Amino acid sequence: MTSPTLSRLDRGWREWLVENLAMGVPVADVRAAAVAGCGDADAVDAELRDLTGHPYFAVCRRLALRYDWMESVLDTYRALRADDGGRTLERRSDVTPEEFFSRYYFGNRPVVLEGRMADWPALGWTLDTMAAACGDAEVEVMTGRNANPDHAWQYDRHRTTMPFRDYLALLGSGVRTNDYYMVPRNENWAGPLRPLAADVRPPERIVDPSATGHLLLGPAGTVTPLHVDNSSVLLCQVLGRKHVRLVPSYERHLVYPRGGTFSAVDAARPDLARHPRFAEATVLETVLEPGQMLLVPVGWWHWVQALDVSATVTFHHFLVAGQNHKMATPPAAGEQD
């Protein structure tokens, strides 16, 4: 057998060719998109010749066909939900805990909640008041994110310790950046920032009253890429605004999962030539303002960008029996918004 020539395509494009052909996208369509994207028609043609005749690809194609049935079930759910208001992000100021759980938590629907943070002292936070409360505390921050496109799941490479006062000074500089961000993967909230944690109030009869939540704090410009969490999350916006985009749990086959819990799609600027099925996805969005909460149900994909210096508290421990409403996912979990 003739050995395949060394490919001139990078690994990303080679994987993209395999994935799309395995999913049944016509060869001509795949070739056109790849040539338009990488600009090397000869390299694409050579790769296609090697790929389509390879026995490994034949196995990939058979496995992909087994997923077709599952995707057809998900598409049925999509159609049912579309006829039941699934293309609208509801906003509620009058929802009872009973309705919250029956319609939204167990119904796997996102919802923006208004008026449930009126008693939070945290709504009065400023950078100065946070510095006065905990300025001398040593905190952990993720830094150097701009240099690593996979920082969200390679977080151990980016852990940096600094005085909280110094981090707040960075935020106060007004620089719009994604290079540094305080995310929940540390002991900040339960340890050195405990005085700030006392300023939040778990929503009554919705969240476990003993829960303290987790703090996310960063400058305007921080981005959490499109990803999925393995449990429901309640985002509570304290300071600044966040732009959020959501894709339903039953549209996983449209978001090109990678790295376990992340999507290959840039939800801010989707490349529909490279990820054509994302054009079919239902994308709900909102700008979360201080004093608003957003339920992100288990399995829902979400992308988050801070529009201002932003502080968010998240809760995961809901008042439901068993607390077993989690999704099995590979270990590459992210930074949780």
Is it the case that T76 is open to solvent by 40 Å² or more (accessible area, probe 1.4 Å) and closer than 30 Å to E204 by Cα?
-> no
Is it true that P270 is under 30 Å from R194 (Cβ atoms), open to solvent by 10 Å² or more (accessible area, probe 1.4 Å) and assigned to a loop (DSSP other than H, G, I, E, B)?
-> no
Residue list for segment 214-229, restricted to those being of a type outside the set (V, I, T) and surrounded by fewer than 21 Cβ atoms within 10 Å (Cβ to Cβ) | A220, G221
Restricted to segment 280-302 and to residues being among the small types (G, A, S) and within 18 Å of the chain's Cα centre (by Cα), the residue nearest to P121 (Cα to Cα) is G299
Only residues that are over 18 Å from the mean Cα position of the chain (by Cα) and among the basic types (K, R): list them for segment 268-279, please.
-> R274, R277
Residue pairs qualifying under the 8 Å Cβ cut-off, at least six apart or on distinct chains, with the first in segment 213-241 being under 16 Å from Q305 (Cα atoms) and touching a residue at least 24 places away in the same chain (Cβ under 8 Å) and the second being surrounded by fewer than 20 Cβ atoms within 10 Å (Cβ to Cβ) and of a type in the set (D, E), are A220/D308; P225/D266; L226/D266; Q237/E289; L239/D308; G240/D308; R241/E289; R241/D308
Right, R245: in a strand (DSSP E or B) and either open to solvent by 40 Å² or more (accessible area, probe 1.4 Å) or in contact (Cβ under 8 Å) with a residue 24 or more places away in the chain (or both) or not?
-> yes
Output the number of residues of segment 84-101 satisfying the condition of being at pLDDT 95 or above and open to solvent by 80 Å² or more (accessible area, probe 1.4 Å).
-> 3
Kindly check whether there is at least one residue in segment 49-61 that is within 30 Å of P290 (Cβ to Cβ) and assigned to a loop (DSSP other than H, G, I, E, B).
-> no
Lone unmet requirement of (1) assigned to a loop (DSSP other than H, G, I, E, B); (2) acidic (D, E); (3) within 23 Å of T314 (Cβ to Cβ) for D84 = (3)
Just checking, which of G24, G37 is part of a loop (DSSP other than H, G, I, E, B) and touching a residue at least 12 places away in the same chain (Cβ under 8 Å)?
-> G24
Count, please, the residues in segment 276-319 that happen to be farther than 24 Å from G86 by Cα and not in a strand (DSSP E or B).
-> 7
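The values are calculated or read from the model by the stated rules, or taken from the named source; none is laboratory data. All of these numbers come straight from a predicted model, not from anything done at the bench. Note that we place each Cβ from the backbone using ideal geometry, even for glycine, and neighbour counts take in every protein chain shown. The protein model used for the area step is the full one, side chains on, heavy atoms only, and it has no ligands, DNA or RNA in it. Shrake-Rupley method; radii C 1.70, N 1.55, O 1.52, S 1.80 Å.
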